[in-house]
Structures are given as structure tokens and as C-alpha cells.
Amino acid sequence: MSYSNLNSFVKILEKNDEIIRVQEFVNTDLQMSEIVDRFSKSSKGGKAVLFENNGTEFPVLINAFGSNRRMCLALGINNLDDISKDIEKILKDFSSANTAIIDKLKVLPKISKIASYFPKRVNAKAECQEIVKLQPDLYELPILKCWPNDGGKFITLPSVHTVSPVNGTRNVGMYRMQIFDKNTTGMHWHKHKGGAQHYEEYKKMGKKMPVSVTLGGDPAYTYSATAPLPDNLDEYLLAGFIRKEKVKLVKSITNEIEVPKDVDIVIEGYIDPKEELILEGPFGDHTGYYSLADYYPKFHVTCISYRKDPIYPATVVGIPPMEDFWIAKATERIFFTPIKFSIVPEIIDMNFPQEGVAHNITIVKIRKKYAGQAQKVMNALWGAGQMMFNKILIVVDEKLEIDLNNYQELSEYILKNINIDTDIHFNKGPIDVLDHSSQKFTFGSKIGIDLTTKFIEERKQKNNSEKKIHLNTDIAVIKNRFEEIVQINCVYKKAELVIVSVKKKNKNQLMKLIEKLSEISLFKLAKVIIFVDWNVDVYDLSMCAWIVAGNIDPERDCIVSSVKNKLSQICVDATKKSSKNDDFERNWPNIIVSKDKTIKEIDNIIKKINKGIFIESPSIKYKKLLFGDNAIAKE
């Protein structure tokens, strides 16, 4: 199913009761984000929101992808696995047509069908160029300032089009764009991305780089710009395959870049690699923390064009779950089959929990046939495209009958069955640019947890027999004995997991505390002990999982130690790191929450726009995690 523009998608959302139209005036500075945050964290992703009164002629659509149902509607499918099944069928047909001529002939119509999805340049009149502004002014667009410590206003849902000057291949990526003046933005592409690679090619040639940015159109265009495609595979081939109709492209007005003719808005311009980079950020990012200011290329706008009935699309990211979680969920399901066929043929299923913000936590299930297979899978995935950014990889096998989405049962299974001596594997490699926990920028460690059934070669003979320890320790006594301990949560029936919140005041304090706690029966019993900062709610397991995944560099922060009369245990330091307490020399970012003033403003209008139902601000829950009021956390 294809959409002709965002208006046609909005009509489908209305038909399915998946959108709220807001006619009350809402400011693009901070207010829209606070409203969307409340909807995003509501049951099943809340509703999409169309802000029709914002001081510009452009309605603003946010949270359009923010649920399983809306993601399916956006891609014209009934289930997120549908596209993966289509890909699997094609790949099986191609791989099976190896011998008989008749089998190969049967595949020809499928090749013809796929060929019909390739994008095509047309000379027809373009809807996206019905109104043309050759004296462009970005301030005419309803561009958002999302969070209090953002460096400014940001375009958050752009499809950025570039072309290699070397081989002419197109890349369409999604890179945030900070507004500096009416015709200048930043271009926040990371070093691993296609746009950044094209930039380096232009830089070597000493040439200006043409860039065109589109907003809106068929939601398949937007999704494809986020997809982790291999280099040189056109994003618009994926979009054509999803919508079952080729993408029709037209030439931009002020450069040669081709863009879909039916998008809502086009921003054209160039980047001059000879110019100095510009300081961009901070920005409240999808990790739930601010990504701090850094230097990126400057984008000069030469033209803005749009259709006569445009909608301005945006997204707001922050502490999960938000809209980006559902986009990542679509990627998880769509790219499962290519991963299985080309990288890990033994894979049965995979899952990206929301607490892992797309790349920090991955769970995979495999068919296990030999010793060491889980480690083989870990290495294969850590070497595959954007999976190289994964930090925590958990591998289970087909004997596990628990649904990978059932995190409660899965957690209990892990804690019951994990053997710290044999199941923990560390590695090093590239990590995401947005990761704040590693000692070095974009380089750090990873942890693989092998929960597969062990072959005899993988087993380690116990040196000590397991002894049952009765849990009779008084937690209040422990807290009184150690003044740095604030809360203790003994998770699950046998306390295999203990979460402790602490106030760190000096170097080596945590290591000394671990040594002292190891003599107490409660901590002898635990397989895993997690330490978080004093302001983290140790009884909120989702919050703790997000904090742990974001705050650890696994090899540095996971301390494996031997305990008398039982197998080893692992202590995890998920506290904030600083130069004072940890010799950590990078700036540590703050988490993202709204200011009290904004919360009160939205408290006064949320019932008006939500059919009389009040939704409390998620920031009230999370603001206790702040270390100061700025994007950079206080020491």
C-alpha cells in the first residue's frame, strides 16, 4: 500500500482512531515535546498528535510511528513480520532455483516484479515543488526545540539525500539538523554513516557537496531513511518494496539531487567541506540522555519548496519508550530474515528491548548444534552493519520456550541458569557515537551472555559445591552499617539479583564496599549485584535496566569475583562516572526531562486535547535522576 502524502496517511490514522487533532495553540518550543512525551509513554504508545495551531501555516505531525498499530499502518501491513516473510520467500525461491531450467524460469517473474520496485526519475510536475521559496527562511517552518538544554531548534525527522561523487550511488539517511539562522543548519551525521562517507569523498576532491532534505510523503520513505541497509543499496528500492510501488523521483530545483515527487517539503542546499565545522548541540537524544555539543558540517539552504497542503513531520526522542522504539521494532522484524540468510543462519528469533534504546541490548534465539556456537553468533552479529554498536548480547537456544518479549520470565530464567564462570564473554569494538559510558569516544567493550544449553566441552567442573544459604539478613541493618547505601532490592525469590543504590563520594569506594558486602549472607547468595546511583529507584526494574545498559562499559564495570562455597558472581557498576571518583575524563550527560514551568503549562491544557483525560508528565518520575540543571551532569 502506498500513500500520496502525509495527509493521506493522517486520514488512515483518523479512520483507525489513532490520532488526535489539537486546535488549541501549542508552542513549538518545549510544549509540543512535553505533550508528546505523555502520549508516547501511555499504554501501547498513546496516539499520534497533529498540532494544527502553532503559529505557522504548517500543521505538525508527531508520534505517527509511535505504536505497533501505527507502524503497521505506516508501512501498509497487518503485522511487522509480514515484510520479513516476503523477503524470506523471495530469498528461498532464488536459492532453490539452482538446478532444473524450469525452476530457474519460475523465478523470472519474481525478478521482474522486484525490478518494478526500483526508483525512477520522471519529468512530471512535482507536488513537492508547487510552492517554491528561492529566498528561503527556515523560521517559516514549525521547527521544534524539544528539551530545555537543547542547543536550539532541530529538524528531527529529515530524509537527507546525498550522492557519491565517486560512483554516483545515492544515500538517504536521517540526521538531525540544528537551526543556526534562517538558511543555515548543522548536519549531524556520524562517521559510520553513508552521508558522512560521501562528505569525505567531496572533501578529498575539494568540491562543494549538494544535499537535498525531504520531509513527509509516504511514511515508507521516512522509515527507509532509518533502515540499516548495506552500503550501495538504495533506500528507495526498500521503500518501493514496502509500498509495492516504485518511488518516482524528480530533480531538485537548485541542485542535481533527486527527491520523491510527492513528499511534503524539500529543503535544498549544499555543504562546503572547505568550511570549518560548526559546534552543534546539545540535543536530548534517543538514549534518554543529552548528546553533548560537538563539531559537524554546516548546511547552507538555497531553496525550500513544498506542496499546497503540506504537513511538517517531526519526532521527539528521549527516555524510552518513545516513537523511535517502534521504528526500531520494525527494523528488528524486517531485517530478521536478511540477518538469518546472510549472517546467522541458525537464528530463530531476535528482540531489541525498549530499555536498550535500539543498540544497547539484543536478545537472540538460535538452533544450537555444536560447542562454541553462541560465541560464533556473538562475533558474527558484532561484525554485521549497525549491530557493531550493540553492547549487551544475550544468546539463548531453541530449548527455551519463553517468548523473547516476556522480560519477566526471561529475566528469571537468566538469573536461575546463568553460570558466571562459563557464560560471560567480553569483547571490544566500535560503539555508538551517542554512547556516553566508554572511556574512549566511539570505542569500548561489549558483553555476551551465553544462556544456551551447554555441550560437555563447554562445561566447567565445579570446584565447590553449591550450598543453600538462608536469606535472613535484615536489610535495615545493612543500610545502617553502610551509610553510602540508600536502597536494596532483592529481586526474585532466591535473591539471585540484588540491586543497590549508593552515594559515591571518593575513588575506590565501590570496590571497598563490594569487598565488605561479600561477607554478608545476602550478597553471598546473589549471582548478580548491580550498583546504581542513590537517586535511582531500585524497585523500578525497567528504569534500572535502561540505566545499566546506558551507563556501563562492560569490561570496565563488570567485576567477576569468586565466592566461597559457590560459583562466581558478577558485580556491575552502573553508577555515573566522573573524573573525581572514577578517573573518567569525558563529560557525563544528564538525562532528559521537562522543566517544571513547561509541565505546569501542559497540565493546564492536556485535558482539553485528550478528551478530558489527564496524563501526568513522565518527567515527574525521572527528574530525580538529574545531576544539576544543565546538559552536562554535575560531578
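The values are calculated or read from the model by the stated rules, or taken from the named source; none is laboratory data. Owing to the predicted nature of the structure, the values given are computational and were not obtained by experimental measurement. All Cβ positions, glycine included, derive from the backbone under ideal geometry; neighbour counts span all protein chains shown.
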All positions within region 1-23 that are surrounded by fewer than 19 Cβ atoms within 10 Å (Cβ to Cβ) and either within 24 Å of Ile620 (Cα to Cα) or among the polar types (S, T, N, Q) (or both): Ser2, Ser4, Asn7, Ser8, Asn16, Gln23
Selection count where residues are surrounded by 24 or more Cβ atoms within 10 Å (Cβ to Cβ), more than 25 Å from the chain's Cα centre (by Cα) and not in a strand (DSSP E or B), scope region 265-309: 1
Some residue of region 146-167 being assigned to a helix (DSSP H, G or I) and crowded, with 19+ Cβ neighbours inside 10 Å: no
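Only one of Asp324, Asp349, Asp294 is acidic (Asp, Glu) and farther than 24 Å from Asp150 by Cβ; which? Step through it out loud before you land on a result.
On the way: Asp324 fails: farther than 24 Å from Asp150 by Cβ; Asp294 fails: farther than 24 Å from Asp150 by Cβ.
Step by step, each of Asp324, Asp349, Asp294 is checked, and only Asp349 is acidic (Asp, Glu) and farther than 24 Å from Asp150 by Cβ.
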Scan of region 217-245 for residues that are surrounded by 19 or more Cβ atoms within 10 Å (Cβ to Cβ), assigned to a loop (DSSP other than H, G, I, E, B) and in contact (Cβ under 8 Å) with a residue 12 or more places away in the chain, ordered by number: Gly217, Asp218, Ala227
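Conditions tested, residue by residue: (1) touching a residue at least 40 places away in the same chain (Cβ under 8 Å); (2) within 20 Å of Asp557 (Cβ to Cβ); (3) of a type in the set (A, V, I, L, M, F, W, C).
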site	(1), (2), (3)
Ile485	no, yes, yes
Ile488	yes, yes, yes
Val500	no, yes, yes
Lys512	no, yes, no
Glu519	no, no, no
Ala526	yes, yes, yes
Breaking point among (1) surrounded by fewer than 21 Cβ atoms within 10 Å (Cβ to Cβ); (2) touching a strand residue (DSSP E or B) at 6+ places or on another chain (Cβ under 6 Å), for Ser438: (1)
When residues of region 19-49 are limited to those that are within 23 Å of the chain's Cα centre (by Cα) and in a loop (DSSP other than H, G, I, E, B), the one nearest to Leu144 (Cα to Cα): Leu30
Within region 159-183, tally of residues that are among the hydroxyl-bearing types (Ser, Thr, Tyr) and either out of contact with any helix residue (DSSP H, G or I) (no Cβ under 8 Å at 6 or more places or on another chain) or at pLDDT below 95 (or both): 1
Subset of region 599-620 [part of a helix (DSSP H, G or I), in contact (Cβ under 8 Å) with a residue 12 or more places away in the chain and out of contact with any strand residue (DSSP E or B) (no Cβ under 7 Å at 6 or more places or on another chain)]: Ile599, Glu601, Ile602, Asp603, Ile606, Lys608, Pro618, Ser619, Ile620
Criterion violated by Asp231 - all others in (1) more than 19 Å from Asn7 (Cα to Cα); (2) touching a Gly at 6+ places or on another chain (Cβ under 8 Å); (3) modelled with pLDDT of 95 or more; (4) not hydroxyl-bearing (Ser, Thr, Tyr) satisfied: (3)
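Condition check ((1) of a type outside the set (S, T, N, Q); (2) modelled with pLDDT under 95) across all residues:
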{"residue": "Asp553", "(1), (2)": "yes, no"}
{"residue": "Arg556", "(1), (2)": "yes, no"}
{"residue": "Val563", "(1), (2)": "yes, yes"}
{"residue": "Ser594", "(1), (2)": "no, no"}
{"residue": "Ile602", "(1), (2)": "yes, no"}
{"residue": "Pro618", "(1), (2)": "yes, no"}
{"residue": "Ala633", "(1), (2)": "yes, no"}
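To keep it simple, each residue is scored yes or no on (1) modelled with pLDDT under 95; (2) over 30 Å from Gly356 (Cβ atoms); (3) surrounded by 18 or more Cβ atoms within 10 Å (Cβ to Cβ); (4) of a type in the set (Ser, Thr, Tyr).
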position: Phe482; (1), (2), (3), (4): yes, yes, no, no
position: Asn489; (1), (2), (3), (4): yes, no, yes, no
position: Val502; (1), (2), (3), (4): no, no, yes, no
position: Asn506; (1), (2), (3), (4): yes, yes, no, no
position: Glu515; (1), (2), (3), (4): yes, yes, no, no
position: Ala526; (1), (2), (3), (4): yes, no, yes, no
position: Ile530; (1), (2), (3), (4): no, no, yes, no
position: Val538; (1), (2), (3), (4): no, no, yes, no
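Might you let me know whether region 203-214 holds any residue that is touching a residue at least 40 places away in the same chain (Cβ under 8 Å), closer than 19 Å to Ile327 by Cβ and either in a loop (DSSP other than H, G, I, E, B) or in contact with a helix residue (DSSP H, G or I) (Cβ under 8 Å, 6 or more places away or on another chain) (or both)? Don't jump to the end; show me each part of the working.
Here is the first cut: in region 203-214, the residues touching a residue at least 40 places away in the same chain (Cβ under 8 Å) are 203, 205-214.
Restricting the remaining residues to those that are closer than 19 Å to Ile327 by Cβ gives 213-214.
Filter once more, keeping what is either in a loop (DSSP other than H, G, I, E, B) or in contact with a helix residue (DSSP H, G or I) (Cβ under 8 Å, 6 or more places away or on another chain) (or both): 214.
Yes, region 203-214 has at least one match.
Might you check whether a residue that is closer than 21 Å to Asn604 by Cβ and aromatic (Phe, Trp, Tyr) occurs anywhere in region 15-28? Talk me through it step by step, then tell me what you get.
If we filter region 15-28 for residues that are closer than 21 Å to Asn604 by Cβ, which is where we start, we get 20-28.
Then drop every residue that is not aromatic (Phe, Trp, Tyr), which leaves 25.
Yes, there is a match, as at least one residue in region 15-28 is closer than 21 Å to Asn604 by Cβ and aromatic (Phe, Trp, Tyr).
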Test: residue in region 128-144 that is assigned by TED's automatic domain parsing to the domain that holds Gly281, surrounded by 19 or more Cβ atoms within 10 Å (Cβ to Cβ) and charged (D, E, K, R): no
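Would you tally the residues in region 313-360 being among the aromatic types (Phe, Trp, Tyr) and outside any helix (DSSP H, G or I)?
Taking region 313-360 and keeping what is among the aromatic types (Phe, Trp, Tyr), we get 325-326, 335-336, 341, 352.
Those left that are additionally outside any helix (DSSP H, G or I): 335, 352.
Within region 313-360, residues that are among the aromatic types (Phe, Trp, Tyr) and outside any helix (DSSP H, G or I) number 2.
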Residue check for Val259: more than 19 Å from Met71 (Cα to Cα), among the aliphatic types (A, V, I, L, M) and in contact (Cβ under 8 Å) with a residue 40 or more places away in the chain: yes
Selected residue [buried (at least 22 other Cβ atoms within 10 Å of the Cβ) and not assigned by TED's automatic domain parsing to the domain that holds Leu75] from Phe336, Phe352, Phe341: Phe336
Residues located in region 59-92, provided they are assigned to a loop (DSSP other than H, G, I, E, B) and surrounded by fewer than 22 Cβ atoms within 10 Å (Cβ to Cβ): Pro59, Gly76, Ile77, Asn78, Asn79, Leu80, Asp81
